[in-house]
Each structure stands twice: as C-alpha cells, then as structure tokens.
Amino acid sequence: MSEIEKRPAHGLHGPNAEVSVYTPSTGLVVAFYGVIGAMALFPLLMVSLPPLADLPNHLARAYIINNLGASPDLQRYYAIEWQPLTFQSIDLILPWLGRLVGLELAARLYIAAGFVAIVGGVVLLHFILFRRVGLWPAVSALLLFNFMLAWGLVSVLLAIGLAIALLAAWIATRDREGVLLTLIFAAGALLIFVCHFFVFAVYAVLIAAFEMGRLLQKREWSRLPQRLLGYAATVVVPLLIFLAAPKSDTPNFNAYGGIDDKIRAIISPVTMYITWPDYVIALSAIGLVAFARRQKLIAFRATMAWPLLAITLCTVLMPSQLLSVWGADFRLPTVLMLLLVAATELRLGSKRAAITFVSLVAGLMLFRCVTVTLDWRRMDADFAEFQAATGDIARGSRIIAVQSTEDHRPAPAPNAFPYRHVAALAVIERDVFHPLLFNKPTRPLRFVGAGTELESNQVYVMRPIGWHPARPEFAGADAGTVGQLEQIQERVQAFELVTSTTDWSDWPEHFDYLIDFSYGVERNPVPGLLTEVRRGSYFTIFKIHPPGRP
C-alpha cells in the first residue's frame with residue numbers, strides 16, 4: 001500500500017534531519033518495471049538480426065564451431081583450439097544456443113540476457129544498499145542502448161550485469177566469513193572472468209575498493225590480513241589462468257587517445273550512433289538529474305564512495321587502446337553510471353511526483369526504443385539484402401571485404417560502423433574463408449591450411465604497401481592497376497586490428513571475390529582484375545581474375 005513515511009535525510013538537509021518520502025505500492029513498481037522491460041526488449045523483437053558492429057563476426061565464429069566437423073570447406077581454412085582466455089561466454093553460449101533455436105534467435109536471447117543482468121544487477125545492488133527497490137533503479141534501462149551495444153560488445157554487457165550483482169552479494173555478506181562463502185564468491189569471480197576478463201578486472205577493483213573503504217571507516221586493522229586473504233582467495237584462480245594463458249607473439253599497443261576519443265568515452269553511456277536521438281537522451285538525463293539535485297531529492301549511500309572513486313579514477317586514466325584492445329576507455333563510463341544509479345535513491349514527496357517521474361522515464365524509454373527500432377529495421381533489411389546476395393558467391397571460396405567510412409545513399413544509415421563486419425555473414429551462408437574473423441589468442445578460432453597463406457611476422461602498422469605477385473598471370477598488371485591494387489590494400493588495412501599480421505600486399509592471388517561496401521557509390525575499384533557479379537544498394541560483389549581474363 002502506498003504511503004508517506006519519514007526517512008533520514010542522509011545529510012541533504014542537515015545531520016539529523018528527516019524528510020517525507022512517498023513509498024509507491026508494489027503494484028506500481030512491478031507495472032513500471034514490466035513496461036520498461038517490455039520497451040527495452042521491443043527492438044530485439046522487431047529485427048531478425050540486431051545490427052551491432054561485431055555481432056556478425058561473433059555469429060560466424062559460432063557457426064564455424066557448430067559446423068566445422070561436417071563441412072570440408074570450413075576445414076580447409078579453420079580450426080577450433082580452446083585456450084584459457086578463449087572461454088568467453090559468447091563462444092560458449094552462442095554455439096550451444098544456436099543449435100537449439102538458430103543463430104539469429106540465439107543472438108537476440110543473449111542480448112536480452114545481458115539487458116536482464118544489467119537492470120537486475122542494479123536493482124539488486126540498490127536493494128542491498130537501501131533495503132527497498134523503488135522506482136529509481138529503472139533509470140538503468142536508459143543506459144542499455146549505449147555505445148558498447150552499438151559496437152556489439154555483448155559479452156562485456158552481460159559480464160557487467162553479473163559483476164554488479166556479485167558486488168551486491170559481497171556487500172550483503174560483508175560481515176560473514178567461511179570457506180563455503182569464499183568458494184561461492186570464487187566461483188562467481190570465475191564466471192565473470194569466463195564472460196569477459198576486462199570486466200573481471202573491473203570487478204576485482206570494485207571489491208578491493210569496497211574493502212579499503214570499509215577498513216578505513218571501521219579501522220579494524222587487526223582484521224586486515226584475514227580480509228585480504230579472503231579477497232585474494234576469490235580472485236586468485238582467474239588471475240592464475242590469465243597469467244598462464246598463451247600470449248600473442250605480436251607487440252602490444254597502448255594509446256591514451258585524443259580529445260575526440262575522450263569525448264566519445266564520456267558520452268558513451270547514452271549514445272549509440274552519436275546522432276540526434278542520442279543528444280535528446282543525454283540532455284534529458286542531465287536535466288533530470290540536475291533538477292533532482294537542485295531540489296535535494298537524491299540521497300547517496302556512502303558505502304559506495306570508495307568503489308565509485310576507484311572506477312572514476314580508472315575511467316580517467318584508462319587509455320583508448322589498452323594492450324592492443326581498442327575502445328577500453330568507453331567501457332568504464334557505463335559501469336560508473338550504472339553504479340551511480342544503484343548507489344543513489346530518488347526521494348519523492350508525493351504520489352503526484354512519483355507519477356510524474358514514472359511518466360518522464362517511460363517517455364524517454366519509449367523515445368529511445370522507437371528510434372532504435374527504426375534504425376535497426378533499416379539496417380536489418382540491409383543485412384538481409386547482403387545475405388541474399390551471397391548466393392552468387394561460390395561455396396567454400398575466399399573473400400576480401402573493403403569498407404568505406406561514409407554512407408552516400410540518399411537515405412543513409414545512422415552510421416557506417418555497424419556494417420563493419422557484415423561480410424562475415426557470408427561465412428554462415430556459403431562456408432567461405434574470411435580473414436577478418438576474430439581469432440587467436442583470445443578466441444578459439446584459428447586459421448589453418450589455405451587460411452594461413454596471408455600470415456606474416458609484422459603487424460600492419462609496420463608492413464609496407466607493395467605488389468609482388470608470385471603467379472605469372474598476375475605479373476602483367478600495368479602501373480595503373482598496381483596503384484589501384486595498393487589502394488585496396490590500404491583500405492583493408494585501415495579496418496584491421498592493430499595486432500593483425502595479415503599480409504594483404506598480393507591479395508588478388510589469395511582471394512576469389514572482393515566485396516566493396518561503397519554505400520551508394522557505383523564503382524569498380526580495379527577494373528583490370530574485377531568483374532561485377534552482383535550489385536546491391538550499398539555493396540558490390542566482384543569476381544577476381546588475372547589481368548585480361550574476366
């Protein structure tokens with residue numbers, strides 16, 4: 001039953017002050033979360049394949065895991081070799097789930113599980129801190145459609161939700177000890193590590209910061225060795241696996257990034273494609289929080305001060321590229337925002353204020369989900385168009401994909417980066433070799449046989465552009481054609497991972513088809529070696545042949 005109750009103000013109005021707070025009925029809370037949850041899942045229900053940048057690459061790898069034993073074409077190029085760091089949830093769950101319900105539905109279910117884990121983790125942590133759920137934690141749903149999701153970092157999102165939930169459990173049992181509890185938390189930490197080792201590191205920092213804050217607050221220095229040992233026991237197994245895992249032979253790259261990278265990281269929790277709907281959500285969220293702060297409606301639980309301080313510091317210091325992993329800096333701001341939602345409470349003084357808040361959040365969520373759905377349906381149709389066109393590619397052949405950075409169509413997509421790995425769908429449709437699939441050492445996929453012909457001992461930033469064909473039929477290319485070939489090499493390398501050792505210098509000798517994603521620009525990038533096979537609205541499939549032999 002709804003009522004007005006007195007609660008401590010926690011410093012908002014004075015050290016011993018109390019405030020009148022409206023407590024919504026259980027029915028209102030359940031209905032609110034149900035509506036917000038339904039809206040969050042709506043975009044997933046309206047597309048066959050969510051157009052997330054890395055998702056086609058993940059699905060292609062899952063397809064190979066499921067079909068390698070039955071496909072001689074796949075066996076010519078790929079092998080599966082499980083290593084400690086390759087046990088990421090997406091490589092374990094997607095293939096298994098794909099065998100049950102199909103890969104496209106499996107992808108949507110996996111993303112939905114990430115949504116549930118994030119909102120559920122925030123609600124659980126909020127409940128542990130305030131001993132009630134209330135309406136405020138539902139704001140976390142506005143952070144589901146973020147820059148990480150747009151890039152397809154779905155295993156990171158699932159791991160974040162699990163890490164927040166395990167942090168809540170740690171705080172709830174902070175005064176309990178025992179071997180069984182240590183084993184439970186060790187298993188939970190290992191689960192997060194399996195989902196994604198970056199998020200495991202974040203979780204380890206959060207727990208360490210919480211323990212540090214608690215120690216400084218209670219000054220129980222005599223318990224320091226015991227608490228330190230208990231903490232170490234819960235994280236030691238993942239750390240040992242990480243240290244024992246095979247390391248890449250290629251050098252690691254680290255770069256803090258420029259001002260553009262940092263601005264993108266700051267706005268990443270509320271942006272997907274950095275278009276006008278993102279700005280509406282961002283400005284509305286800032287306005288809502290600023291108004292609540294001005295009216296002294298937000299209470300903060302000091303228990304979370306040290307964990308939030310630690311994540312804030314990591315967010316500021318995090319480079320854009322860490323150990324050759326791009327985008328490390330835009331992962332932490334979303335974690336920070338989710339923790340802030342969990343660690344705060346909105347204290348509304350009347351039923352009218354609660355209904356106003358519910359309406360505002362539901363309206364913003366509806367706006368976000370409708371605009372995302374419209375964008376996704378447009379890109380989903382583009383993905384389906386390419387999948388249908390792959391029927392003109394010979395089964396078991398080798399493809400090279402070339403990407404443009406801008407969409408030149410009359411009605412462009414919100415951004416070109418979601419199409420970055422569309423070519424990987426050809427692996428699922430035609431069992432082709434695609435050298436841009438994510439592979440060793442952090443994935444179970446590795447190239448074998450003909451798939452290793454492009455391997456070199458240099459990362460792409462150290463490789464010179466050149467044309468040195470070994471096959472006589474390609475040696476007769478004129479100077480103009482050679483220049484065009486080298487331009488293709490430059491464009492392919494621009495989309496590579498910095499740790500890639502693929503040598504593209506003589507690419508026409510190693511591939512059967514080139515797929516040019518030109519987004520509305522009609523062209524043949526190398527007329528002397530390419531013959532058009534299929535033209536789509538944003539791509540063209542070309543057959544590769546020696547000069548003068550279409």
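The values are calculated or read from the model by the stated rules, or taken from the named source; none is laboratory data. Bear in mind the structure is a predicted one, so any value in this text is a computation, not a measurement. A quick note on method: Cβ atoms are made from the backbone with ideal geometry, for glycine too, and the neighbour counts reach across all protein chains shown.
Pairs needed: first member in the range 473-490, closer than 14 Å to Asn524 by Cα; second member anywhere, of a type outside the set (Lys, Arg) and assigned to a helix (DSSP H, G or I); C-beta distance under 7 Å; at least 6 residues apart or different chains. Every condition considered, the pairs that remain are Leu485/Pro508; Ile488/Trp507. Of the residues making up the range 176-216, those that are farther than 21 Å from Ile311 by Cα and of a type in the set (D, E, K, R) are Arg176, Glu177.
I'm trying to understand the selection: among the residues of the range 61-71, which are in contact (Cβ under 8 Å) with a residue 40 or more places away in the chain and within 17 Å of Gly451 (Cβ to Cβ)?
Arg61, Tyr63, Ile64, Ile65, Asn67, Ser71
In this structure, Glu522 qualifies as modelled with pLDDT under 90 and in the same structural domain as Gly476 (by TED's automatic domain parsing).
For the range 351-365, indicate whether the set of residues that are surrounded by fewer than 18 Cβ atoms within 10 Å (Cβ to Cβ), assigned by TED's automatic domain parsing to the domain that holds Trp504, without any contact (Cβ under 8 Å) to a residue 60 or more places away in the chain and over 20 Å from Asn57 (Cβ atoms) is non-empty. No, there is no match, as no residue in the range 351-365 is surrounded by fewer than 18 Cβ atoms within 10 Å (Cβ to Cβ), assigned by TED's automatic domain parsing to the domain that holds Trp504, without any contact (Cβ under 8 Å) to a residue 60 or more places away in the chain and over 20 Å from Asn57 (Cβ atoms). Looking across the range 263-281, the residues that are surrounded by 16 or more Cβ atoms within 10 Å (Cβ to Cβ), part of a helix (DSSP H, G or I) and not polar (S, T, N, Q) come down to Arg264, Ala265, Ile267, Pro269, Val270, Pro277, Asp278, Ile281. Consider the range 281-319 and keep the residues that are in contact with a helix residue (DSSP H, G or I) (Cβ under 7 Å, 6 or more places away or on another chain) and among the β-branched types (Val, Ile, Thr). The one that is modelled with the lowest pLDDT is Ile298.
May I ask you to list the residues in the range 358-395 that are touching a strand residue (DSSP E or B) at 6+ places or on another chain (Cβ under 7 Å) and assigned to a helix (DSSP H, G or I)?
First pass over the range 358-395, keeping only residues touching a strand residue (DSSP E or B) at 6+ places or on another chain (Cβ under 7 Å): 389, 392-393.
Once the filter is applied, which keeps residues that are touching a strand residue (DSSP E or B) at 6+ places or on another chain (Cβ under 7 Å) and assigned to a helix (DSSP H, G or I), the range 358-395 yields Ala389, Asp392.
In the range 408-444, the residue that is modelled with the lowest pLDDT out of those that are under 18 Å from Trp376 (Cα atoms) and touching a strand residue (DSSP E or B) at 6+ places or on another chain (Cβ under 8 Å) is Ala416. Going by what's in this entry, would Leu94 be described as within 28 Å of Ile393 (Cβ to Cβ), surrounded by fewer than 21 Cβ atoms within 10 Å (Cβ to Cβ) and either without any contact (Cβ under 8 Å) to a residue 60 or more places away in the chain or not small (Gly, Ala, Ser) (or both)? No: the conditions fail for Leu94. When the range 396-433 is filtered for residues that are in contact (Cβ under 8 Å) with a residue 60 or more places away in the chain and part of a helix (DSSP H, G or I), the ones remaining, listed by number, are Phe417, Pro418, Tyr419, Val422, Ala423, Ala424, Leu425, Ala426, Val427, Ile428.
For the range 300-321, the criterion of being more than 24 Å from Gly161 (Cα to Cα) and surrounded by 19 or more Cβ atoms within 10 Å (Cβ to Cβ) is met by none of the residues. Flag: Ala168 matches the condition of being crowded, with 17+ Cβ neighbours inside 10 Å and either in contact with a Leu (Cβ under 8 Å, 6 or more places away or on another chain) or not assigned by TED's automatic domain parsing to the domain that holds Trp326 (or both). The lone criterion from (1) free of Cβ contacts under 8 Å to residues at least 40 places away in the same chain; (2) of a type in the set (Val, Ile, Thr); (3) buried (at least 21 other Cβ atoms within 10 Å of the Cβ) left unmet by Val179 is number (3).
For the range 382-397, the criterion of being buried (at least 22 other Cβ atoms within 10 Å of the Cβ), small (Gly, Ala, Ser) and in the same structural domain as Pro525 (by TED's automatic domain parsing) is met by none of the residues.
When Phe367 is tested against (1) at pLDDT 95 or above; (2) within 25 Å of the chain's Cα centre (by Cα); (3) closer than 27 Å to Arg76 by Cα, only condition (3) is not met.
Per the conditions (1) farther than 24 Å from Arg264 by Cα; (2) not in a helix (DSSP H, G or I), the sole criterion not satisfied by Phe145 is (1). So Ala38 fits all but one of (1) of a type outside the set (D, E, K, R); (2) surrounded by 22 or more Cβ atoms within 10 Å (Cβ to Cβ); (3) within 17 Å of Phe115 (Cβ to Cβ); what number is the exception? Among (1) of a type outside the set (D, E, K, R); (2) surrounded by 22 or more Cβ atoms within 10 Å (Cβ to Cβ); (3) within 17 Å of Phe115 (Cβ to Cβ), the lone unmet condition for Ala38 is (2).
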